[in-house]
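Quick notes on the structure that follows.
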Amino acid sequence: MPTMLSKFIDKAKPRFSFHHHGNHKTGSTSSNESQSHNTKFHLPNNLPATAITTHIFGYRDDSTDNYVEPPPVPPTATEPIKENTAAPPVGTPPKSTHDKTTSLASANKTDTAKTSYSPFYPEQLPSTPPTTPGGSFLVRNNSSGHSSNKSQNSHSHATASTEQVDDSDVTRPHCQLKLDNFNLQRTLGTGSFGRVHLIQSKINKRYYALKVLKKAEIVKLKQVEHTNNERSILTKVQHPFIVNLWGSFQDCANLYMVMDFVPGGELFSFLRKSKKFSNDVARFYAGEVLLALAYLHSKNIIYRDLKPENLLLDVHGHIKICDFGFAKVVPDITWTLCGTPDYLAPEIIQTKGYGKAADYWAFGVLVFEMLAGFPPYYDDNQFKLYEKILTTQPKYPSSIDSTAKDLLKHLLTTDLTQRYGNLKRGYHDICEHKWFASLDFEKLIQRKIKPPYIPHLRNDGDASNFDRYPEDFHPYGVPQDDPYKDQFPDF
């Protein structure tokens, strides 16, 4: 491992994203009034060691020692989402709740374990191998099945405010929620202007994650547009490898978003414990991330903050992309300087205008870091880091094999006309690369390949895979003046 990275790796601290303010707008000033909830809400003094012993999120299959999860239940309901009785979309398969799974080590061999339920009804998954990996999750509104990415040589400014995202594939209901619906548990994470809590629904006893954002800090840090974008985008996407948003609301001081509780913790933590991943392990996670990115891009959404810290592992060990604070609807290009320094594409640093190709650069950085144990570019001095990204080639450890190296060279190139994902065939150039040859994307999208690591969980509300944080936050729901309500009209 390079000496310059030892300090970074040993500390194993997550990297923080940033946003360059510039002339960034502070968001909408619509006069639409959002519902406020003034119920005082604070952490109980005595937290139970284990909240519940039964597995609310599913049942345990004693024959395989695996959890099997049912379709999700909205926080205000006691039953799973009801099946739509309307005519199913084209390509919808007949109902099937169980199937064979495939192990990672042997993708062509069947497993005796029952298939894990996906985060929605299994009948929404492809019934037969579609023409493109991921099937309907990737190519909605794109009959050719190929990415429509353009090389970023245009200078027309695209703004998210006028763009529409097709959400016809989203079957998850958006619930009307309030603080009184939940019991607050421990903190799962903290950020620049808020924190994420583990919460339990008083109605169905299931666990969710509550993201709490301070309005005053959002406005102060000029993150109003990003915050509104995050909520808007999460209501319009639904994918096996993307976290679900169940509802949002606000009170006088805070914004609240109720999302899936993903108990396996961050991929970042697993990577640091493992030092680095083998080809098979890295390929599995990279494949799931690629399918999610391609799905987002099919909706003209750029993610812009890909890194191991934003990839959570669900109860079965599958990826869930979280934190859409920097995601944006961009049909062509945008100019905002934001993201995590180690993962910034050259075109972002140069403020030339960038598009979906920036996500594929970050994807290359992710694959490199999983295989090497450290990112391709790193420096304590941010400006020196940017200089390295712009002017040097990554140094590949001998542990990275030739096929992986070939893929990375096609991803980590400053030449947008050569970068995989940004060419005529879009993401197909990546998923059909020889490094991915042993990965069955059809089984992957249906979650039929057994993940390389399955989190050990004692109960439904087990948050032991997340770090502990001081519970010294101000009680929520305390009545006070609210000068910012109109800036968040959709919460």
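The values are calculated or read from the model by the stated rules, or taken from the named source; none is laboratory data. Because the structure is predicted, anything quoted here is derived from the model rather than measured. Don't worry about glycine lacking a Cβ; one is built from the backbone with ideal geometry, like all the others, and counts go over all protein chains shown.
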Original post:
So which residues in segment 442-491 are hydroxyl-bearing (Ser, Thr, Tyr) and within 30 Å of residue 317 (Cβ to Cβ)?
Top reply: 453, 464, 469
Original post:
Picking from 228, 153, which residue would you name as being under 30 Å from residue 356 (Cβ atoms), at pLDDT 95 or above and out of contact with any strand residue (DSSP E or B) (no Cβ under 9 Å at 6 or more places or on another chain)?
Top reply: 228
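May I ask you to verify whether residue 376 is in the same structural domain as residue 415 (by the TED database), at pLDDT 95 or above and in a loop (DSSP other than H, G, I, E, B)?
It is true that residue 376 is in the same structural domain as residue 415 (by the TED database), at pLDDT 95 or above and in a loop (DSSP other than H, G, I, E, B).
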Original post:
Which one of 386, 360, 343 is modelled with pLDDT of 95 or more, among the hydroxyl-bearing types (Ser, Thr, Tyr) and in contact with a Gly (Cβ under 6 Å, 6 or more places away or on another chain)?
Top reply: 360
**OP:** Take segment 201-247 and flag every residue that is in contact with a helix residue (DSSP H, G or I) (Cβ under 6 Å, 6 or more places away or on another chain) and among the aromatic types (Phe, Trp, Tyr).
**Re:** 241
Original post:
So, in segment 375-384, of the ones that are out of contact with any Lys or Arg (no Cβ under 7 Å at 6 or more places or on another chain) and buried (at least 21 other Cβ atoms within 10 Å of the Cβ), which residue ends up farthest from residue 271 (Cα to Cα)?
Top reply: 376
Subject >> Residue that is farthest from residue 189 (Cα to Cα), among those in segment 453-491 that are of a type in the set (Ser, Thr, Tyr) and touching a residue at least 60 places away in the same chain (Cβ under 8 Å) >> reply: 484
**OP:** Considering only segment 385-423, state which residues are loosely packed, with under 12 Cβ neighbours inside 10 Å and charged (D, E, K, R).
**Re:** 395, 415
